[in-house]
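The values are calculated or read from the model by the stated rules, or taken from the named source; none is laboratory data. Keep in mind the model is a prediction, meaning the values are calculated, not measured. Note: ideal-geometry Cβ built from the backbone for every residue, glycine included; neighbour counts use all protein chains shown.
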Amino acid sequence: MTTLDQHVGTRPIPNPKKSLITKLNAGTGLIVGIIFALLTYRGLSTVLDISIYELNNRVLLATMFMWSIGFLAGIGAFIGPIRWLIGEDLTAEEQLYLAGDGQGIKRYFKYCTDHKVVGIQYLWGVIVLLAVGGAMAMMIRTDLANPGGHFITPSVYNSLVGLHGITMIIALIIVATGPFGNYIMPIMIGAADMAFPRLNALSWWVLFTAIPVLCSAWFLGGIPTGWTAYAPLSVQAGPGMNAFIAAIIIFAISTAVSGANITATVITMRAKGMTWNRVPIFVVGATLSVAMAIPAFPTFMLAMIMTAMDRSFLTGFFDANVGGTGWLYAHLFWIMGHPEVYVILLPGVAILMEIVPVFVRKPLFSYTSAIVGFAGIVGLSFLVWAHHMYMTGWMPMLNGPFMVTTEMISVPTGLIFLVILGTLWNGKPWLKVPMLAVYAFLWNMLVGGITGLYLSDVPADMYLHGSMYVTAHFHYTLMGAALTGAVAGLSYWYPKMTGHMLHERASYISFWLVQIGFQVLYLGMFIAGAEGQPRRVVDYAEQFATSNKISTMGAYTIGIGFIVLLWAVIHSWRHGKIAPMNPWGAKTLEWTVPYPVPLVNFDTPPVVTSDPYGYGRSAK
Amino acid sequence: MSEHDSVDLKPTPGDRLANFYKRSDVIQSTIFGVIVTGIFVILGGKFYTKWMPTVMSTDMKAIERLMVVFTWIAAPVCGVVLGVALYTFLNRHSGDTQPPDGPATRTNGPIVLLWSVVTSLLALTAVIYGITELNSSSIASAKNAEDAMVVNVTGSQWVWTFEYPKLGVSSHVLMLPLNHPVTFHINSVDVNHSFWPVQLGVKVDANKLAETIAETTPNKLGEFDVKCAELCGLYHAYMETTGEVMTVDDFNSWVVAQGGHSA
């Protein structure tokens, strides 16, 4: 009828085997990305004198962004959008090819739109990031094992602290929503794929391009600022800072894409009958988490753009000499920074809430409280950022109000405890590794939460701020609670993602090594903090020797524990016990599909008639 | 499931209550809860006082008291959480097959209400106590006592400099007279630092061109540490010095020895 239809109809359908799309993969992406980067660097450095600070910064930033764009072009991310520009779209065959069905292991190195492939890509991305960040942590703790030890120089140490921080933050932001949010969540809500499969592939590959950029910081002299990258120190910093800035900007784009996609998927693609009160709690937690990230991360991106401007064009956003202020940076950073810790925490907690009913064989206690708890945290988390700034002198009269909002967060957090404890109550838990993690979470989150209470209090924070106590506190929440949740999710969903059970004995051993090492490490660090050791120091006075030695022993134990887990994950991937369809007897939808999960997940779209927590005998 | 099907299965309210508050569950969790609470109450009094450094000002005393009181506020929370956790942990189901289903308790209105009210009250207690202490601490109200001695603190990469404007003395160690209020005017000449005389319980950032003020009164003789608590670049770890609280006489002779005029 329309001319467009006729136009499309008369065109010969290109053979997908000969289409450009079939020839592109991560290898071509690397080649094009490196060519783009080299051309940009060579071209610009002939025009701009790179011995001058701001011109060098411009050249480096441009090179890094062109690498990212080049990689995405080389892997074929822009083929679809370009077709749209000329009024066409990918053909059906090409779209099917992009979904990667039947392409074996190759599809993991392609621009693949299948959410299950993206989930596995994220999983390995997270494992690599955690391994790198963990190795850095081991080097930090080795340096701190003895006072006066000169294992590494102050410059290397500062870079290690900063890069360990940002690597782990990035890893933890995606550790649950990346692998499980992409692989499991669409199946959990009965969808055939994500709402925007191509954006899904884009979010992963954009993130992927940020990793080499971040690594390049090492070769550009490191970063002296810690992951907070406070101005004016970041403006004073050397060329390595550009890598940090570019990596954050690229990462922020990835999270925005991914956040929009996950939110849209959950809102629009739920199975028939899955009303809002029947949505599995993990889906709620992950969605609220990314929904929180959508407004939060742009402020970090903005802060980075402003830092880049100060460094590359000598603007004065953060330069007190020309009327700027470092407080502006601190605000922008923490307006992202505090929601961000809950972006990390919520999916981890939600995974554990998903696990408890299955292993206690009881319904989730007070689903409403869980929702209210999550929502309360999301709402309050945007109103607490200045508790990181009590001691900056920015506005002491507002310390009181920020203290009140911060301490109010303990109420919704308390509801989360209530939900888990209520589900445990009267129950006989089946202590498989995922369930053990629930107990680890209860203890770690308790310690993390209570030490947070001291830190939220202005006078107490006056002593504790900037000390090792803070470091111990946030590791308890981020690692002890959120990462524990994510690792529990890995052993819980591993059978569905790989078709094999995760090696049970190895994961038990790993669990206990990690958790015991964790307590030892951070008990030592709490003591060091109480004694008055500042954080981020390469060296310390003799009086902190004992507590630091304890910490280092704990750290090595954790390191060994995670190596065991890594072995288990790699070994079981091919050689693990073949998993039954529903090894835990859970009632959520992902356990109703076989392994390997079909391309569109369900042969017939599922219809949901109740929430997934219908466990339990009737009380008589 | 329609309304009619489920009617028969529903237990009476009395059954449900008896089932929810099962005697052995309540007793076990209460015992564990009380033990845990007790441990935390004792620890609360011990942990911080044992590890925190010598108290050399009223501010530091208040901080130490806060830490103890907050641990006490937190103790019953730990008791409830760990009480339930421990008893279910010990009642675990062993074996490789999944356990039989537990009771189908979906919620318990009074418990949810009680929990919300109690946690809110605990948070409120912490807030009120914190605000009271905040009101009397130095950072909120640099009261600028008339007779306070002014010390200009300057952070630079990676050295602290203390200038006593009225005495005409400048130094890299921080000498303070006993029981005499002192007001710090803190500045930085480059990046952010954080001025932290540890045993005095004071910590304020040093910003460039934005002076911050803190006040305290040292009340104990002895040496103390001065550190930088904000990552400030290469030698951040070494940006530390010492200070001493001395008698007024000793302080005056120190000032004179430094070439200043005693107050």
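Here are the numbers for this structure:
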read-out	value
Residue satisfying all of: in region A:211-232; surrounded by 23 or more Cβ atoms within 10 Å (Cβ to Cβ) and more than 11 Å from chain B (Cβ to nearest Cβ); farthest from A:Ala77 (Cα to Cα) among these	A:Ala217
Members of region B:23-82 that are charged (D, E, K, R) and more than 9 Å from chain A (Cβ to nearest Cβ)	B:Arg23, B:Lys46, B:Lys61, B:Arg65
From the options A:Met391, A:Met397, residue that is touching a helix residue (DSSP H, G or I) at 6+ places or on another chain (Cβ under 9 Å), farther than 24 Å from A:Val283 by Cβ and part of a helix (DSSP H, G or I)	A:Met391
Region A:580-594, subset among the aliphatic types (A, V, I, L, M) and more than 12 Å from every other protein chain (Cβ to nearest Cβ), residue nearest to B:Gln98 (Cα to Cα)	A:Met581
Qualifying residue in region A:490-512 (condition: within 13 Å of chain B (Cβ to nearest Cβ), over 21 Å from A:Leu523 (Cα atoms) and among the charged types (D, E, K, R))	yes
Filter result for B:Glu215 (buried (at least 16 other Cβ atoms within 10 Å of the Cβ), acidic (Asp, Glu), outside the structural domain of B:Ile63 (by TED's automatic domain parsing) and touching a Gly at 6+ places or on another chain (Cβ under 7 Å))	no
Check on A:Thr557, over 30 Å from A:Ile140 (Cα atoms) and away from every other protein chain (no Cβ under 14 Å)	no
When residues of region A:519-553 are limited to those that are surrounded by fewer than 21 Cβ atoms within 10 Å (Cβ to Cβ) and within 22 Å of A:Tyr508 (Cα to Cα), the one nearest to the other protein chains (Cβ to nearest Cβ)	A:Gln519
Strands (runs of 3 or more DSSP E) wholly inside region B:159-263 that include at least 2 residues being within 14 Å of another protein chain (Cβ to nearest Cβ) and out of contact with any Lys or Arg (no Cβ under 6 Å at 6 or more places or on another chain)	B:182-188, B:193-197, B:204-206, B:212-216, B:222-228, B:241-246
Which numbered condition A:Val419 fails, given (1) over 24 Å from the mean Cα position of the chain (by Cα); (2) more than 9 Å from chain B (Cβ to nearest Cβ); (3) under 30 Å from A:Met462 (Cα atoms)	(3)
Whichever residue in region B:148-164 is farther than 18 Å from B:Tyr235 by Cβ and surrounded by fewer than 18 Cβ atoms within 10 Å (Cβ to Cβ) and, among such residues, is modelled with the lowest pLDDT	B:Ala148
Counted residues, region B:194-211 - those being among the hydrophobic types (A, V, I, L, M, F, W, C) and in contact with a His (Cβ under 9 Å, 6 or more places away or on another chain)	2
Count of residues meeting criterion [more than 21 Å from the chain's Cα centre (by Cα) and of a type in the set (Lys, Arg)] in region B:211-263	1
Those residues of region A:23-42 which are touching a helix residue (DSSP H, G or I) at 6+ places or on another chain (Cβ under 9 Å), not in a loop (DSSP other than H, G, I, E, B) and not hydrophobic (A, V, I, L, M, F, W, C), in sequence order	A:Gly27, A:Thr28, A:Gly29, A:Gly33, A:Thr40, A:Tyr41
Of the criteria (1) polar (S, T, N, Q); (2) facing chain B (nearest Cβ under 9 Å); (3) under 30 Å from B:Asp101 (Cβ atoms), which one A:Ser456 fails	(3)
Members of region A:575-594 that are surrounded by fewer than 19 Cβ atoms within 10 Å (Cβ to Cβ) and under 26 Å from the mean Cα position of the chain (by Cα)	none
Test: A:Leu144 is within 14 Å of chain B (Cβ to nearest Cβ), within 23 Å of the chain's Cα centre (by Cα) and crowded, with 16+ Cβ neighbours inside 10 Å	no
In region A:147-189, residue nearest to the other protein chains (Cβ to nearest Cβ) [restricted to those that are among the small types (Gly, Ala, Ser) and in a helix (DSSP H, G or I)]	A:Ser155
Residue selected from region B:20-39 under the condition within 16 Å of B:Ala85 (Cβ to Cβ) and touching a residue at least 60 places away in the same chain (Cβ under 8 Å), by the criterion nearest to the chain's Cα centre (by Cα)	B:Gln28
Checklist (1) within 14 Å of another protein chain (Cβ to nearest Cβ); (2) on the phi > 0 side of the Ramachandran plot; (3) in contact (Cβ under 8 Å) with a residue 60 or more places away in the chain applied to A:Leu314, failing item	(1)
Pairs with Cβ under 9 Å, 6+ apart, first in region A:360-382 and at the interface with another protein chain (Cβ under 7 Å from one of its Cβ atoms) and in contact (Cβ under 8 Å) with a residue 40 or more places away in the chain, second part of a helix (DSSP H, G or I) and among the polar types (S, T, N, Q)	A:Val360/A:Thr423; A:Val360/B:Thr88; A:Lys362/A:Thr423; A:Pro363/A:Thr423; A:Phe365/A:Thr423; A:Ser366/A:Thr423; A:Ser369/B:Ser116
Identity of the residue in region B:85-132, under 30 Å from A:Met403 (Cβ atoms), in contact (Cβ under 8 Å) with a residue 40 or more places away in the chain and at the interface with another protein chain (Cβ under 7 Å from one of its Cβ atoms), that ends up surrounded by the fewest Cβ atoms within 10 Å (Cβ to Cβ)	B:Thr119
